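These notes concern the structure reproduced below.
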Amino acid sequence: DTNPDLADDSFKQEKVTYFVAVHNLPNILPVRRLRTDQIGRLASVTGTVTRTSDVRPELLVGSFRCNKCGLLAEHIQQQYHYTRPTLCRNPRCQNQSPKEFSLESAISESVDWQKLREQENSDEIPPGSMPRSLDVIVRNEMVERAKAGDQCVFTGTLVVIPDGSALARA
């Protein structure tokens with residue numbers, strides 16, 4: 001059986017973004033066992049939330065309009081920082097300045113995000129050691145679901161983001 005709405009040629013398909021929540025992975029790691037072999041792989045980590053940030057908007061996919069000729073540059077992926085087009089695709093336009101592009105927020109995709117600080121559970125800390133912690137970014141429907149003091153299992157991918165303040169000091 002086919003869905004009549006999808007089989008109809010006049011049906012205009014829009015791009016839809018899905019968010020998947022994964023739970024009950026067989027291996028749950030303590031914070032102390034996170035190593036480089038886990039980078040980019042799906043993993044579950046257990047710990048206690050110690051701090052939460054405010055909920056903020058994040059631009060996922062941006063559409064930008066050239067301020068010189070008005071051409072729209074759509075579907076610019078945003079990866080960990082705000083990315084504008086570097087030059088206009090209009091061959092007659094000489095715009096090569098990212099500052100000359102304006103965000104079209106009505107047709108861009110955004111999502112809520114929140115940063116949590118997770119610390120290893122007290123029963124997992126070896127005697128005489130300081131507790132380890134890591135930052136966890138949650139998005140979309142997962143924001144404001146955990147508060148300080150909650151013991152949580154977070155499932156996601158471990159990514160390494162350089163510490164900007166340490167780079168500035170070097």
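Working only within the range 36-79, note down all residues that are surrounded by 11 or more Cβ atoms within 10 Å (Cβ to Cβ), part of a loop (DSSP other than H, G, I, E, B) and in contact with a Ser or Thr (Cβ under 8 Å, 6 or more places away or on another chain).
Selection gives Gly40, Asn67.
Among the residues of the range 109-139, write down those that are open to solvent by 50 Å² or more (accessible area, probe 1.4 Å), touching a residue at least 40 places away in the same chain (Cβ under 8 Å) and under 21 Å from Leu42 (Cα atoms).
Within the range 109-139, Trp113, Lys115, Arg117, Gln119, Arg132, Ser133, Arg139 meet the criteria.
Please work out which one of (1) of a type in the set (Phe, Trp, Tyr); (2) part of a strand (DSSP E or B); (3) open to solvent by 40 Å² or more (accessible area, probe 1.4 Å) is the condition Tyr82 fails and give its number.
(2)
Tell me the strands (runs of 3 or more DSSP E) entirely within the range 89-170 that contain at least 3 residues that are aliphatic (A, V, I, L, M) and within 15 Å of the chain's Cα centre (by Cα).
Working: elements: 101-103, 109-119, 133-139, 151-157.
Filter on the range 89-170 gives 133-139.
If I filter the range 20-27 for residues that are open to solvent by 100 Å² or more (accessible area, probe 1.4 Å) and touching a residue at least 24 places away in the same chain (Cβ under 8 Å), do I get at least one hit? Walk me through it before giving the result.
Quick first cut of the range 20-27, residues open to solvent by 100 Å² or more (accessible area, probe 1.4 Å) only: 20, 23-24, 26-27.
Applying the additional criterion that residues be touching a residue at least 24 places away in the same chain (Cβ under 8 Å) yields 23.
Yes, the conditions are met somewhere in the range 20-27.
The values are calculated or read from the model by the stated rules, or taken from the named source; none is laboratory data. This is a predicted model, so every value here is computed, not measured. Glycine gets a Cβ as well: all are built from the backbone with ideal geometry, and neighbour counts include every protein chain shown. For the accessible areas, the whole protein counts, side chains as well, though only heavy atoms, and no ligand, DNA or RNA atoms are used. Shrake-Rupley method; radii C 1.70, N 1.55, O 1.52, S 1.80 Å.
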